[in-house]
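S.K.: Before anything else, here's the structure in question.
The values are calculated or read from the model by the stated rules, or taken from the named source; none is laboratory data. Just so it is clear, the model here is predicted, and its values are computed rather than measured. Cβ: placed from backbone, ideal geometry, glycine included. Neighbour counts: every protein chain shown.
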Amino acid sequence: MTAAGVTQAHALSSLSCGLAAYIQPSAQPSGTRQYAGLAASTSGRSCQASKPFFGPQLSGPSTERQFGVGGSRTLTVHAIATNGRSPVVPAMSQNNWNLNDLGPQMLKDIAVEKARADSRLRIFSGTANPQLAQEIACYMGLDLSPIKIKKFADGEIYVQVQESIRGCDVFLVQPTCPPANDHLMELLIMIDACRRASARNITAVIPYFGYARADRKTQGRESIAAKLVANLITEAGANRVLACDLHSGQAMGYFDIPVDHVYGQPVILDYLASKMISSNDLVVVSPDVGGVARARAFAKKLSDAPLAIIDKRRQSHNVAEVMNLIGDVKGKVAVMVDDMIDTAGTITKGAELLHAEGAREVYACCTHGVFSPPAVERLSGGLFQEVIITNTIPLAPENYFPQLTILSVANLLGEAVWRIHDDSSISSIFR
């Protein structure tokens, strides 16, 4: 998505960390609204990014970064330029500031600028979601590092890192979304290439972790594919994993390396807050019993909204049967919350039940829009006022529909990448 003809605004609310900025395109296929964490346009070797959570803020075309000091006082640092592969941070403007006068946030902002000048930080993108990887790099004021990925006639994948990364802190952005096997194998080969190129640290940034639903045995003689994939990533040479909204939290325990788990919740909450829905009219709905903890946390952030639960019985893979509703939705705006929408069977049957029970409007919110057929047909059938997803998985334009809204998690993941690189806390993002 380009920034041409785009109006940019920031949805900052007390409900979240202000990580979601959003963009209203002048023309979007099928009326779809797509919101992004930044304007992902590049010119030469520079990026124009939106307001980050921590650190510098770009103020329009002038690209000056303004740091808040003691309320109204500001200290200006010009935007990062690039010289070869190393970002160059110009000297700060000549003001008579004493470091003892600077608050903790100011010192943190300066630390971020120093991190940006660290030429040992590298971000690479696989072929699964290069747009998201570009947005993450732009958030950090960096360029994606060059990597060559191609597929031979027989389907084998070739990867070559096209610059020296010896001693570097490397981040590989690659969701293992459909086709999951191809993207997973590509990630493993990227990790191996970086390991053999003597990278100091290799972090696999996996916005969507495929095979996460195969996290336990539900019948005899089944595999636990989530554990197998975790072993493959570890053995390939990754030192750390950054994942977004795993299907179940226990999947983190399958890895023998550190896992940083972030949630798309702040981005979605930020957007919902901008809609100004009265808390008296709102009810958060879990589409199944397994998602109650997620829905409860979501409801707590929405002024402690009431909670409803849909009880269902799954008869086979990707097929769900709604049984009954626990809670009251009559006359209310129901917000259904889940980690992903695959074929949309669970969530559409849930929406039918909510309407039957008297819900005034139904919203569907999830982090991962897998959208396997016939999801688009089900979701665009008029049951939902709005379907809100994030861009962890790229969505083809032919799958857009008028009720769809796409939010960007680029700022969220970019902030997490900075904190990993800076050995800072990740969990504090969500406090």
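S.K.: Here are L142, L187: which of them is within 28 Å of H247 (Cβ to Cβ) and outside the structural domain of P394 (by TED's automatic domain parsing)? Let's see the steps before the verdict.
M.R.: Details: L142 fails: within 28 Å of H247 (Cβ to Cβ).
Selected residue: L187, the only one of L142, L187 that is within 28 Å of H247 (Cβ to Cβ) and outside the structural domain of P394 (by TED's automatic domain parsing).
S.K.: I'd like to verify a number: residues in segment 212-253 that are basic (K, R), modelled with pLDDT of 95 or more and under 27 Å from G414 (Cα atoms), how many?
M.R.: Start the filter on segment 212-253 by keeping residues that are basic (K, R), which leaves 213, 216-217, 221, 227, 240.
With modelled with pLDDT of 95 or more added as a condition, the list becomes 221, 227, 240.
So of that shortlist, the ones also under 27 Å from G414 (Cα atoms) come out as 227, 240.
Counting residues in segment 212-253 that are basic (K, R), modelled with pLDDT of 95 or more and under 27 Å from G414 (Cα atoms) gives 2.
S.K.: I'd like to verify a number: residues in segment 158-179 that are out of contact with any Ser or Thr (no Cβ under 9 Å at 6 or more places or on another chain) and either over 26 Å from N411 (Cβ atoms) or among the aromatic types (F, W, Y) (or both), how many?
M.R.: Final tally of qualifying residues: 4.
S.K.: Looking at S408, S380, which one is crowded, with 17+ Cβ neighbours inside 10 Å, at pLDDT 95 or above, touching a helix residue (DSSP H, G or I) at 6+ places or on another chain (Cβ under 9 Å) and closer than 30 Å to R120 by Cβ?
M.R.: Of S408, S380, the one residue that is crowded, with 17+ Cβ neighbours inside 10 Å, at pLDDT 95 or above, touching a helix residue (DSSP H, G or I) at 6+ places or on another chain (Cβ under 9 Å) and closer than 30 Å to R120 by Cβ is S408.
S.K.: May I ask you to say which residue of E163, E186 is assigned to a helix (DSSP H, G or I) and either farther than 19 Å from M340 by Cβ or modelled with pLDDT of 95 or more (or both)? Give the derivation first.
M.R.: Working: E163 fails: assigned to a helix (DSSP H, G or I).
Going through E163, E186 in turn, just one is assigned to a helix (DSSP H, G or I) and either farther than 19 Å from M340 by Cβ or modelled with pLDDT of 95 or more (or both): E186.
S.K.: Test I277 against the criterion of being in the same structural domain as A364 (by TED's automatic domain parsing) and part of a loop (DSSP other than H, G, I, E, B), and give yes or no.
M.R.: So I277 passes the test.
S.K.: Confirm whether G382 is free of Cβ contacts under 8 Å to residues at least 60 places away in the same chain, among the small types (G, A, S) and at positive phi.
M.R.: Spelling it out, G382 is indeed free of Cβ contacts under 8 Å to residues at least 60 places away in the same chain, among the small types (G, A, S) and at positive phi.
S.K.: Just name the residue that is surrounded by the fewest Cβ atoms within 10 Å (Cβ to Cβ) out of those in segment 312-338 that are modelled with pLDDT of 95 or more and among the small types (G, A, S).
M.R.: G331
S.K.: Given the criterion of a type outside the set (K, R), within 20 Å of D422 (Cα to Cα) and modelled with pLDDT of 95 or more, identify the matching residue among A153, A193, A180, A199.
M.R.: Step by step, each of A153, A193, A180, A199 is checked, and only A199 is of a type outside the set (K, R), within 20 Å of D422 (Cα to Cα) and modelled with pLDDT of 95 or more.
S.K.: Tally time: how many residues in segment 142-160 are among the hydrophobic types (A, V, I, L, M, F, W, C), assigned to a loop (DSSP other than H, G, I, E, B) and in contact (Cβ under 8 Å) with a residue 12 or more places away in the chain?
M.R.: 2
S.K.: Filter segment 166-183 for residues that are in contact with a Leu (Cβ under 9 Å, 6 or more places away or on another chain) and part of a loop (DSSP other than H, G, I, E, B); which is farthest from L242 (Cα to Cα)?
M.R.: Narrowing segment 166-183 to residues in contact with a Leu (Cβ under 9 Å, 6 or more places away or on another chain): 168-176.
Right, trim to part of a loop (DSSP other than H, G, I, E, B) and you get 168, 174-176.
Values: C168: 17, Q174: 11, P175: 11, T176: 13 Å.
Filtering segment 166-183 for residues that are in contact with a Leu (Cβ under 9 Å, 6 or more places away or on another chain) and part of a loop (DSSP other than H, G, I, E, B), the one farthest from L242 (Cα to Cα) comes out as C168.
S.K.: Give segment 230-253 a look and list any residue that's crowded, with 20+ Cβ neighbours inside 10 Å and part of a helix (DSSP H, G or I), or say none.
M.R.: Residues satisfying the conditions are A230, I233, A251.
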